[in-house]
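Input: a single structure, listed below in structure tokens.
The values are calculated or read from the model by the stated rules, or taken from the named source; none is laboratory data. Keep in mind the model is a prediction, meaning the values are calculated, not measured. Positions of Cβ are generated from backbone atoms using ideal geometry, with glycine treated the same way; all protein chains shown enter the neighbour counts.
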Amino acid sequence: MALNVRNRTMVAAVLHGARDVRLEKVPIPPLGPEDLLAKVEAASLDSTDRKVYLRGYHPMIEIPGLFGHEWAGVVIAVGERADPRWRPGMRVVAANSAPCNEADPSARCRPCQRGRLSMCERLVYNNGAFAPYIRIPGRIASVNLIELPPDTPFEEAALAEPLACVMHAIRRVPIRSGELVAIIGAGPIGLMFVSALRARYGHTIRILSLDHHDDRLALAETLGADVALNTRSELGRDELKKVLGVERPDVVVEAVGSEQAHREAFDLLARGGVLVSFGGVARGTVLPLDLHRLHYEEVQIVPIYHHTPTDFAGAVRAIVSREVPVGPLITARLPLSELPMALDMAQQRTTLRTILLPQEGGERMMESR
Ligand SMILES: [Zn+2]
């Protein structure tokens, strides 16, 4: 231990239920022997946080509990049996989970035995990024924690987790040269898809970005979309028909998370096309499907949830190398005390990504017992 934080408290965001998040004085998380403690330099508020806040439930968080899962910072303490790679002072980014993926294959859960690590039955999740300090569980420290070079800003590294989900989709859905990919939604995730697909495939594929906000569509074009269309109006939809002609997208990514956008994605697809169901919807959401078309046009639906250590490492590499520029997605920076405003901004969609800065006032919090 490099720092004695025992019996110290901090002010952290605690989610108590739907629309009930409170900034509370809580103990700095105690460390198990394999755990690390890090100072959160930048945390990112994403649409999953917004959904969790509105719904009051999500597979990855226990409620009531510490809130926030995207962050980057500095290791400040290490447990006595922690992975020896980690030392206080190292700049790091951690994923919000780690699969069991035991070294002994027979000890792995069934999905991990099958190589489906995002479906691990014993996935360890970590929350608590909206706080000055966060505990990194041992398993995450050993498989899903990455050291950052000095010139990678913490706020950009904090976007590694959502980019890892995008990398997961790109790994699972192969695209052939000459294919047309449509991305429904030009929020941070849709925009990450534009950048990451362009980085992966260059100009061998065509990318169409669809959204209802002109400013987001303009950014989609800057980041590499061949065509960006506002489909809110009838005019926009006519324009879409004109752009597509008789052609339909071979792959449609649903990056919105609604029944309607899933329906639009399904309707848009070419014969033999692939619908990537990326946006998560609320429990009980039902989409009536034309099974005739599904069968005779061999439409595939590939749902993508979460990421694996391979995807997380790939995302960090892409951010560090600037191959996938995430800086343009950061449109607001606020101290942690402004979390309610940040949630409101995410709700009103007046920002792409908001970075929360828990160290603004953090040391003072640290001193209060
Ligand atoms: Zn597992």
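Each row is one residue, and each column tells you yes or no for (1) within 15 Å of residue 172 (Cβ to Cβ); (2) assigned to a helix (DSSP H, G or I).
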| site | (1), (2) |
| --- | --- |
| 279 | no, no |
| 283 | no, no |
| 286 | no, no |
| 307 | yes, no |
| 311 | yes, yes |
Residue pairs qualifying under the 6 Å Cβ cut-off, at least six apart or on distinct chains, with the first in the stretch 200-214 being at negative phi and the second being surrounded by 19 or more Cβ atoms within 10 Å (Cβ to Cβ) and in a helix (DSSP H, G or I), are 200/170; 207/194; 207/197; 209/194; 209/220; 211/217
Scanning the stretch 183-208 residue by residue, those hydroxyl-bearing (Ser, Thr, Tyr) and under 20 Å from residue 315 (Cβ atoms) turn out to be 195, 201
*Among the residues of the stretch 140-152, is there at least one that is over 28 Å from residue 79 (Cβ atoms) and not assigned by TED's automatic domain parsing to the domain that holds residue 198?*
yes
Considering residues that are without any contact (Cβ under 8 Å) to a residue 24 or more places away in the chain and either surrounded by 20 or more Cβ atoms within 10 Å (Cβ to Cβ) or closer than 18 Å to residue 218 by Cβ (or both), the number found within the stretch 333-357 is 2
Does the stretch 230-237 include one or more residues that are buried (at least 17 other Cβ atoms within 10 Å of the Cβ), within 30 Å of residue 92 (Cα to Cα) and not small (Gly, Ala, Ser)? no
Picked from the stretch 118-132 (must be out of contact with any strand residue (DSSP E or B) (no Cβ under 7 Å at 6 or more places or on another chain) and within 16 Å of residue 312 (Cα to Cα)), the residue nearest to the ligand (Cβ to nearest atom) is 120
Note on the stretch 53-77: residues closer than 21 Å to residue 160 by Cβ and of a type outside the set (Gly, Ala, Ser) are 58, 59, 60, 61, 66, 67, 69, 70, 71, 74, 75, 76
